Amino acid sequence: MYIKGNKTNGLTPIVSNWMEQVMDDEGLIKDLIDTYGSPVNLHHLDTFEKNIEDFRDVFESYDLNYQIYYARKANKSKSLVKKALASGIGVDTASFRELEQSLQLGGTGQSLVLTSAIKTREQFVKAIIAGVPVVIDNDDECQLANEIATELGKTAVVGIRISGFEVEGEKLYSRFGFDISEVQQFIDKYIGVGKKYEQLDISGLHFHLDGYSTKQRGKSLSDCIHLANELDENDHNISFIDIGGGILINYLESEREWTEFDKKLKKQVATGEGNLTFSNNGLGYELINGKVERSLKTYPYFNKLNGADFLREVLEFRDPRNNETNASRLKANNYQIRIEPGRSLLKQVGMTVARVAHRKKDAKGQWLVGLEMNMSQMMSSSEDFLLDPYLIYTDNNSEDAEVEVFFTGAYCLERDVLLKRKISLPRLPQIGDHVAFVNTAGYMMHFFETEAHLFNLSANLSFSDSVNLSVSDFIDDEKL
Ligand SMILES: Cc1ncc(COP(=O)(O)O)c(C=O)c1O
């Protein structure tokens, strides 16, 4: 039997049918963990494909020339790269190994892009030989790309990363890219035949913004279309504009639960009472001079505007100069619009399941439930994973006796508390029961996973729909 933690006052996650099917099958979960160790990361490939289709539908409804690049940094599994390529979309790579492996899995110059923050010589060599477009961040990268392309007797296809867009009177800071106010001059002066960087063929513009504003993305895209027009007039041949990732997803069933949680957390910070989180952790809120200051340092788990609708808003943004939408200007100019979604393509794709190792009461009388996993196996830049976990009980006959617990992990650190929120359960789990964390594929499983204490990295398994699932339906990523 599986049951959600926090029957009341919770943060109820959106849960897909496949997750329910797996959680409903205690025998399957036990077999998976007996075979692969704890925790296991499960990936549902049909959901990934459906997410791809949803973005495709948006672009097709505007009749746009488009390409979607799955930002694989959000999850390390090869199965998803293979699925992306088989579905006809591309893959955004951000390191030598991401690039090399994506090429080995069938990626090509047409289907891959390289956007690493730091680009080494070996990355450029690999990308230029394979004809993979490289998104260039600065003058030194131009220099290196040009040098290597010359050595190889090739042309390097590049996009130029832009930043510093002005939105509502404010300049958006980023450590990445060329400033929008100077980039045209730079390109005109240095890039192209007969110029300093003549082995570079600039075929596109690129940006990726921090945060989740559709207005900022809309305005930045609008500025890029304008810039592309000006570059084309000066004999460049811009064919694509890539707007990166950052498309919001919604994790939660209820807006009310989300706002209530925020209210209660602030109250806890203000009064020191509430016992909502481990050691009264404010998750970003702090009491300063008697006032609750700063902000919640977590992903915004509830979002009314998300996914395909989020993308539509960016495309519907109107250029203040002529009141035309981005979509109509892209189409009129036949610029290919590109996106690099990571998290949003992984919506509802993954789940992490771990085995209960022990239960204990600490000196404060709190129940701690130790799981066979560590904090790095479910960690992102968000201060806490704000979704209620699911308990998969093996013994379904015991009487209920509600209990409040914290889940703890295997690192020797005091702070290896897997969820900082306290979770109420109908009864204390037994050793060997399982705990499932849903919707963890985007950034949660791998981004910060380490092998401290020589722990094995968790197994990554992928599968497709089947009525009666068994261990053999799950493909171990190591075997791909
Ligand atoms: C250049 C670039 N593209 C795409 C992404 C993917 O973003 P997300 O997973 O939020 O869609 C990132 C994330 O950091 C990025 O830096």
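What do you reckon, is residue 295 more than 28 Å from residue 134 (Cβ to Cβ) and part of a loop (DSSP other than H, G, I, E, B)?
Spelling it out, residue 295 is indeed more than 28 Å from residue 134 (Cβ to Cβ) and part of a loop (DSSP other than H, G, I, E, B).
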So residue 99, is it more than 26 Å from residue 354 (Cα to Cα), in contact (Cβ under 8 Å) with a residue 12 or more places away in the chain and surrounded by 18 or more Cβ atoms within 10 Å (Cβ to Cβ): yes
Strands (runs of 3 or more DSSP E) contained entirely in region 187-289, each with at least 1 residues that are in contact with a strand residue (DSSP E or B) (Cβ under 9 Å, 6 or more places away or on another chain) and among the hydroxyl-bearing types (Ser, Thr, Tyr): 200-206
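With respect to residue 410, determine if the residue is farther than 24 Å from residue 12 by Cβ and either over 20 Å from the mean Cα position of the chain (by Cα) or at pLDDT 95 or above (or both). Give the derivation first.
Values: farther than 24 Å from residue 12 by Cβ: yes; either over 20 Å from the mean Cα position of the chain (by Cα) or at pLDDT 95 or above (or both): yes.
Criteria met by residue 410.
May I ask you to say which residue of 210, 179 is surrounded by fewer than 19 Cβ atoms within 10 Å (Cβ to Cβ), under 28 Å from the mean Cα position of the chain (by Cα) and away from the ligand (no atom under 13 Å from the Cβ)? Explain how you work it out, then say what you get.
Details: 210 fails: away from the ligand (no atom under 13 Å from the Cβ).
Just one listed residue meets the conditions, 179.
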Where a residue in region 338-349 is in contact (Cβ under 8 Å) with a residue 40 or more places away in the chain and its partner, wherever it lies, is near the ligand (Cβ under 6 Å from one of its atoms) and part of a strand (DSSP E or B), with Cβ under 7 Å and at least six apart: 340/71; 340/92; 341/71; 342/71
Tally, over region 418-448, of residues that are over 14 Å from the mean Cα position of the chain (by Cα) and either closer than 29 Å to residue 266 by Cα or surrounded by fewer than 19 Cβ atoms within 10 Å (Cβ to Cβ) (or both): 18
Test: residue in region 399-406 that is in contact with a strand residue (DSSP E or B) (Cβ under 8 Å, 6 or more places away or on another chain) and buried (at least 16 other Cβ atoms within 10 Å of the Cβ): yes
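Scan region 390-398 and give yes if some residue there is surrounded by 18 or more Cβ atoms within 10 Å (Cβ to Cβ), closer than 21 Å to residue 76 by Cβ and among the aliphatic types (A, V, I, L, M), otherwise no. If you could, list the steps in order and put the result at the bottom.
If we filter region 390-398 for residues that are surrounded by 18 or more Cβ atoms within 10 Å (Cβ to Cβ), which is where we start, we get 390-393.
Retained after the next criterion (residues that are closer than 21 Å to residue 76 by Cβ): none.
Looking through region 390-398, none of the residues is surrounded by 18 or more Cβ atoms within 10 Å (Cβ to Cβ), closer than 21 Å to residue 76 by Cβ and among the aliphatic types (A, V, I, L, M).
Are any of the residues in region 422-443 within 16 Å of the ligand (Cβ to nearest atom) and either among the hydroxyl-bearing types (Ser, Thr, Tyr) or at pLDDT below 95 (or both)?
Yes; the residues of region 422-443 include at least one that is within 16 Å of the ligand (Cβ to nearest atom) and either among the hydroxyl-bearing types (Ser, Thr, Tyr) or at pLDDT below 95 (or both).
Out of 219, 215, 189, I need the residue that is more than 21 Å from the chain's Cα centre (by Cα) and surrounded by fewer than 19 Cβ atoms within 10 Å (Cβ to Cβ). Which one? Step through it out loud before you land on a result.
Numbers: 219 fails: surrounded by fewer than 19 Cβ atoms within 10 Å (Cβ to Cβ); 215 fails: more than 21 Å from the chain's Cα centre (by Cα).
Testing whether each residue is more than 21 Å from the chain's Cα centre (by Cα) and surrounded by fewer than 19 Cβ atoms within 10 Å (Cβ to Cβ) leaves just 189.
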Lone unmet requirement of (1) within 16 Å of the ligand (Cβ to nearest atom); (2) touching a residue at least 60 places away in the same chain (Cβ under 8 Å); (3) of a type in the set (Lys, Arg) for residue 78: (1)
Positions within region 283-306 being exposed (fewer than 13 other Cβ atoms within 10 Å of the Cβ) and of a type in the set (Val, Ile, Thr), in sequence order: 288
Tabulated pairs, region 154-177, first at pLDDT 95 or above and among the β-branched types (Val, Ile, Thr), second assigned to a loop (DSSP other than H, G, I, E, B) and within 12 Å of the ligand (Cβ to nearest atom), C-beta under 9 angstrom, 6+ apart or interchain: 160/137; 160/177; 162/177; 162/207
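The rows are residues; the columns are (1) crowded, with 22+ Cβ neighbours inside 10 Å; (2) modelled with pLDDT of 95 or more; (3) within 16 Å of the chain's Cα centre (by Cα).
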residue	(1), (2), (3)
55	no, yes, yes
72	yes, yes, yes
81	yes, yes, yes
85	no, yes, no
Conditions (1) within 17 Å of residue 339 (Cβ to Cβ); (2) away from the ligand (no atom under 16 Å from the Cβ); (3) surrounded by 19 or more Cβ atoms within 10 Å (Cβ to Cβ): number failed by residue 41: (1)
Hits in region 19-67 (condition: within 21 Å of residue 89 (Cβ to Cβ) and of a type in the set (A, V, I, L, M, F, W, C)): 45, 48, 52, 55, 58, 59, 64
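Does residue 190 count as in contact with an Asp or Glu (Cβ under 9 Å, 6 or more places away or on another chain) and free of Cβ contacts under 8 Å to residues at least 12 places away in the same chain? Spell out how you get there, then give the answer.
Numbers: in contact with an Asp or Glu (Cβ under 9 Å, 6 or more places away or on another chain): yes; free of Cβ contacts under 8 Å to residues at least 12 places away in the same chain: no.
Judged against the criteria, residue 190 is not a match.
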Tally, over region 307-348, of residues that are in a loop (DSSP other than H, G, I, E, B) and either surrounded by fewer than 23 Cβ atoms within 10 Å (Cβ to Cβ) or more than 16 Å from the ligand (Cβ to nearest atom) (or both): 9
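The values are calculated or read from the model by the stated rules, or taken from the named source; none is laboratory data. This is a predicted model, so every value here is computed, not measured. Note: ideal-geometry Cβ built from the backbone for every residue, glycine included; neighbour counts use all protein chains shown.
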